[in-house]
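Everything below concerns the one structure shown next.
Every number here is computed from the coordinates shown, using simple stated rules; none is lab data. What you are looking at is a predicted structure, and each value in this text was computed from that prediction instead of being measured. Here the Cβ is made from the backbone with ideal geometry for all residues, glycine too, and neighbour counts use every protein chain on show.
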Amino acid sequence: MSANTMEYEGFAARVEYSEDDGCFIGHIAGIRDVIGFHGDSVTELRAAFKEAVDDYLETCKKLGKKPNKPYSGQFRLRLSPEVHARAAMIAETRGKSLNSWAAEVIEKSIAAA
């Protein structure tokens, strides 16, 4: 995990510092539902992230809805869920889809071979 990401219960979050708000802001990455959280310290941020995931899972349960799972482990090739999650987060932090980022990485690897 890089310094700007967190993990809990199989979910990963992208974390940034907001100078305007004077706090850390996080968003759960890799799912269709939009879930954000914030904290004034790393400890508060980590607690808010865990609370956001727990609330999301509980809300889905109450609604009888399956929660979006961040990663399936498949991407036209078989990867471990950990590798899939890491690649998706790297792509997202670069403002790219997983598909376009992976294509770019593969192309660079082929050119270097």
(message) Nearest 10 degrees is fine. How inclined is helix 81-93 to the longest principal axis of the chain, computing both from alpha carbons?
(response) 80 degrees
(request) Pull out the extension gain between residue 104 and residue 18, defined as 0.36 nm times the separation in residues minus the alpha carbon to alpha carbon distance; nm, one decimal. (result) 28.0 nm
(request) Using per-residue counts of other Cβ atoms within 10 Å, averaged over each peptide, order 93-99, 81-87 from highest down. (result) 81-87, 93-99
(message) Between 0 and 90 degrees, rounded to the nearest ten: what's the tilt of helix 98-112 against the longest Cα principal axis of the chain?
(response) 40 degrees
(message) Under 26 Å between alpha carbons, and skipping anything fewer than 8 positions from residue 66 in its own chain: which lysines qualify?
(response) 50
(message) Using all alpha carbons of the range 1-64, what is the percent of pairwise distances in each 10 Å bin, ordered from the shortest bin to the longest?
(response) 22, 55, 20, 3
(message) In the range 35-54, whose amide N lies under 16 Å from the spot 7 Å out along Cα-to-Cβ of residue 9? List them in ranges.
(response) 35-38, 46-54
(message) Using a 7 Å offset from the Cα along the Cα-to-Cβ direction at both residue 55 and residue 78, what is the distance between the two label points in nm, to one decimal?
(response) 3.9 nm
